[in-house]
Amino acid sequence: MSTAVPKNVSPFIRACRWGLLLTGVVYGRSHYKTVKAKEEKVHEKEIDKATHHYIQKLGEKKIMGEQSMIELARAAGVDPNRAQVKQQIIDKQHNDGTLVSASSKH
């Protein structure tokens, strides 16, 4: 089997090939930067939207939980308003440190 001898490529064609390769690399880098900047803005908007949605859902769940507790208190025959006041007093004592739990005595 005979091997073909490669032909010499003209220096002009070589220079054009290298020039086009470098031009493509520079264009790709600049295009990547512009697309990245746009996508970062979109990503920030998506994060803000998701955070707002999560906070809204959390608030709705809290309200539903409170309503459920009020209904449960009424079904059990307990005055919900009085129970809430009592819970607020207990929470205040706990936050002030006046309420000592059994585990802190040891």
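Summary table
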item	result
Among the candidates VAL26, VAL78, residue that is β-branched (Val, Ile, Thr) and at pLDDT 90 or above	VAL26
Enumeration of residues in region 50-72 that are within 15 Å of the chain's Cα centre (by Cα) and either among the hydroxyl-bearing types (Ser, Thr, Tyr) or under 18 Å from ALA83 (Cα atoms) (or both)	THR51, TYR54
Pick from region 7-19, criterion loosely packed, with under 10 Cβ neighbours inside 10 Å and aliphatic (A, V, I, L, M), ranking: modelled with the lowest pLDDT	VAL9
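The values are calculated or read from the model by the stated rules, or taken from the named source; none is laboratory data. For clarity, every value in this text was computed on a predicted model and none was experimentally measured. As a convention, Cβ positions derive from the backbone with ideal geometry for all residues, glycine included, and neighbour counts pool all protein chains shown.
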